Amino acid sequence: MSGLVSSTQNWAAKTVLIKWKAMAGVTYTAKYSTSKSFTSATYRNTTGAAANLTGIQPGHTYYAVVRAVKGKSVGAYSTTMSFSLTPGYTGLFSSVAAKPASNGVTVTWGAAPYATDYRVVSSAGPNPNRRPDYWAPSTSAWFSAFDPVTKSRTITGSDANLTKTAYGNPIYAHVEARSTIKPSTHTRDSKQVVAWPTPVAPDKSALPVKFGSYNVECGGCEKSGTPKWPTRGPLVAQNVTAQKIDVLTALEASGDADNNSKTGWNEIYLDLDKRLANLTLTDTGTAPSKPNQGNRIYYNPAKYTLVGKGWLRGIHDYSQPAGSPDLNTPWAELQSKDATKTTFIVVAAHYGIPTTTNKNTRKNQLGQDSAELLKALAAVNTSKLPVILGGDFNDNRYPEGRTDGAQPTLIRGGFYDSSAALARHGTTRSTYNDSLPPVKQPGDPNGDGQRIDYILTQGFQGSDQFTNNYIPVGTNGKQMTTVPSDHNLIDASLHVPAKRVS
């Protein structure tokens, strides 16, 4: 028969399709090898005038021949065709995506033309060229681009870059492709993708608690030109009521509610107590330290009984000179009034902004506050009850590379960030709004608005939903035209177990 006439390569699949002129009433046998003498040849039988040759390795020359077969008659082999996988510059990725995985994320991608190898680069921060949004990336070893053709790699979260599920942080990743064969070594990057590790599913049989935490902005702390508490107070209360909060930690609920020296001093936390129709204060008395009187806990007395209350001791206020009084950090023990009699502890924490200008020292001092909170809480919670902690820690997960801050210290101490929820709402915005209306609160381009306000749980994990309420609404369900505070109300739908889960 006449010789082979053409060949077409599929680089990613490591195959070559050869064709020849068809003959009537015959079948064909093709063979190919890296040896001109066809030592250890591979055979393909086909009824059509083409054969798909598999297992073709880059960097090698192959030889192929074909012959016709009719019954028991076998024709002579054709003239020999030589071929190889022809390399080119690494092309663009056809696709790349990330999806949640258990304590990590899975990255999948389509082939990049002419790639011989891939590797996956992952990080806790979105942009390696911008500060502070940077974390040193982790890079996998190069691996073959050919086996398998469908590409997938799972990245496991770690404490080292705060990407385990409990931290509530995303993992950013991109894929790199290269060609190590002529014409030259060439590397191509995919686009960056992001996903959050699969959250822990809460125990739906446990006690449902709608928990909120709200820095309501102390009276007298307002920016110039923004409303004072007499205007903001009713809106704060409506915002909380509209979200049907069962238990609330309020921060900075201090200052004169009337904003009028002639009418006497009326603490904001007492005024808020009057305005929250379904909630009541756990403690109306004066806090141990004179500053920061406004860190308070409110609860729904129709649902819970107040079993105990107090103040955690020994948590330093790094916003004040050394030797200053401790931070006022209230705790309360609540018991549900339903048949389960579920008992749990609530803590409201607000860390002061350290006076140091050194960002690393500041991070460390806020972490020290959390270490002191863990110690003080352990002294109070001798029964090892489940704990819900709501607060403003004045700390996010930057600067890069630091794992000794406020939230990470608590996570390593056994807490779980409820923002690692089955559903997350409003989390592209920061929890601090700078008294700006929603339209002027920019969404983070990488999908991860930085939070300094937190709801953490100890002794159980998971939440149905976590919401950063950057659009405040009233009890009529409509958006407010005035921003009630320079922080957003955050809330989480939790399920508190009757017994602590290790």
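Read through the labelled values (1) 61, 58, 45; (2) 112, 52, 44; (3) 94, 61, 43 and report the label of the one computed as Cα extents along the principal axes in Å from the structure. The value matching this structure is (2).
A straight Cα-to-Cα reach below 28 Å connects Lys375 with the lysines Lys164, Lys210, Lys290, Lys309, Lys341, Lys359, Lys363, Lys384, Lys499, residues fewer than 8 places away in its own chain not being considered.
Couplings 3J(HN,Hα) for region 410-424, derived from phi with the Karplus relation 6.51 cos²θ - 1.76 cosθ + 1.60 (θ = phi - 60°), are 5, 4, 5, x, x, 8, 10, 7, 5, 5, 7, 10, 4, 9, 10 Hz, where x marks Gly and Pro.
What is the extension gain from Ser144 to Lys359, computed as 0.36 nm multiplied by their sequence separation minus the C-alpha to C-alpha distance, in nm to one decimal?
Values: separation 215, 0.36 × 215 = 77.40 nm, distance 4.23 nm.
Separation in residues times 0.36 nm, less the Cα-Cα distance, equals 73.2 nm.
Here Lys440 is the anchor, and the aspartates and glutamates within straight C-alpha reach of less than 17 Å, apart from those fewer than 8 places off in the same chain, are Asp448, Asp486.
For region 421-483, applying the loop criterion from DSSP together with a ceiling of 15 other beta carbons within 10 Å to the trypsin sites (Lys or Arg not before Pro) yields Lys478.
For Lys262, the lysines whose Cα comes closer than 20 Å to its Cα, not counting residues fewer than 8 places off in the same chain, are Lys228. From the square roots a ≥ b ≥ c of the eigenvalues of the alpha-carbon gyration tensor of region 207-496, which class results: rounded (a/c under 1.5), prolate (a/b over b/c), or oblate? The shape class here is rounded. The calculated FRET efficiency for the pair Val5 and Lys72, based on their C-beta separation and a Förster distance of 30 Å, comes to about 0.65.
Quick note: the coordinates plus some simple rules give every number you see, no bench work behind them. The shown structure was predicted, so the numbers you read here are calculated from the model rather than taken from an experiment. Glycine also receives a Cβ, built like all others from the backbone with ideal geometry; neighbour counts cover every protein chain displayed.
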